[in-house]
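The next block holds one structure in the form of structure tokens; read it before the comments.
The values are calculated or read from the model by the stated rules, or taken from the named source; none is laboratory data. Just so you know, these numbers come straight off a predicted model, no measurement behind them. A quick note on method: Cβ atoms are made from the backbone with ideal geometry, for glycine too, and the neighbour counts reach across all protein chains shown.
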Amino acid sequence: MGFLGYQKGEIREYNDKRCCGLWFIIIGVVIIVSAIFGGEQKIHPIIFTVGFIVGFYLSVINKKVVTKLSYGKSSKFQNNMAIFSIAILFPLMFVLAGSFFPMQNWRMIWLMTFLAVGIHFIPFYFVHGISMIGIAILCSANAVIGIFLPIIPFIVLAFIDGLIKIGFGIYLLFFSKPTKSR
């Protein structure tokens, strides 16, 4: 058995795409609303935190919703990869955004957080399929553009990030079918 329970030749079934889609729609809306009311902090911390917690509960933890949206169980490897992907997010955020906290440079804190989130989507490829690479590229590119082009208002970048997530969410929730791959 390999890394995180990977078994050579294992066929992965991407059964939780709709749950992921619901999460993306919710968090995309939360990012946009939080940015509208963000003020100096760019993203309103209370709106974001409450939206994040409620959205995570609805799309990932709530058994009724998950059972209704899921097409079946994930493999042990996929479950481990999901945990790994979430676990690397926090060190990535710390490494990328941490140095901007002493200066309270909220623009860079959030752009680096957006970049960390984009990067953490890459291992989710093994959980939800190829669309995770697409969202990883688009979210990361949006963050990098904002980092290198400070003339672009943060709210524009936050709206783009939110809309990317909502767009992928709509696709995954309503149009994507369960698929299999090696």
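Things worth noting here:
- Residue tally, condition closer than 19 Å to Ile164 by Cα and out of contact with any helix residue (DSSP H, G or I) (no Cβ under 8 Å at 6 or more places or on another chain), over region 103-120: 0
- Within this structure, Ile160 passes the test of being farther than 27 Å from Lys73 by Cα and either surrounded by 19 or more Cβ atoms within 10 Å (Cβ to Cβ) or modelled with pLDDT of 95 or more (or both).
- Condition check for Met81: in contact with a Leu (Cβ under 9 Å, 6 or more places away or on another chain), within 27 Å of Lys8 (Cα to Cα) and part of a helix (DSSP H, G or I): yes
- The set of residues from region 78-104 being surrounded by 14 or more Cβ atoms within 10 Å (Cβ to Cβ) and either at positive phi or polar (S, T, N, Q) (or both) comprises Gln78, Asn79, Asn80, Ser85.
Here's the yes/no breakdown for (1) in a helix (DSSP H, G or I); (2) over 17 Å from Met108 (Cα atoms); (3) under 13 Å from the mean Cα position of the chain (by Cα):
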site: Glu10; (1), (2), (3): no, yes, no
site: Leu22; (1), (2), (3): yes, yes, yes
site: Ile26; (1), (2), (3): yes, yes, yes
site: Ile31; (1), (2), (3): yes, no, yes
site: Ala35; (1), (2), (3): yes, no, no
site: Ile43; (1), (2), (3): no, no, no
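- Residue in region 105-124 that is assigned to a loop (DSSP other than H, G, I, E, B), touching a residue at least 60 places away in the same chain (Cβ under 8 Å) and of a type in the set (Lys, Arg) present: no
- Restricting region 125-139 to residues that are in contact (Cβ under 8 Å) with a residue 40 or more places away in the chain and part of a helix (DSSP H, G or I), the residue that is farthest from the chain's Cα centre (by Cα): Phe126
- From the list Met132, Met112, the one residue that fits, being closer than 18 Å to Phe168 by Cβ, at pLDDT 95 or above and crowded, with 22+ Cβ neighbours inside 10 Å, is Met132.
- Just one residue in the set Lys42, Lys8 is loosely packed, with under 15 Cβ neighbours inside 10 Å and either modelled with pLDDT of 95 or more or under 30 Å from Asn79 (Cα atoms) (or both); that residue is Lys8.
- Residue within region 19-39 that is in contact with a strand residue (DSSP E or B) (Cβ under 7 Å, 6 or more places away or on another chain) and in contact (Cβ under 8 Å) with a residue 60 or more places away in the chain present: no
- For region 61-74, the count of residues that are farther than 14 Å from Asn15 by Cα, in contact (Cβ under 8 Å) with a residue 40 or more places away in the chain and among the hydrophobic types (A, V, I, L, M, F, W, C) is zero.
- If you go through region 63-77 and keep only what is surrounded by 15 or more Cβ atoms within 10 Å (Cβ to Cβ) and within 22 Å of Phe174 (Cβ to Cβ), you end up with Val65, Val66, Leu69, Ser70, Ser74.
- Some residue of region 87-102 being closer than 24 Å to Val65 by Cβ, touching a helix residue (DSSP H, G or I) at 6+ places or on another chain (Cβ under 8 Å) and part of a helix (DSSP H, G or I): yes
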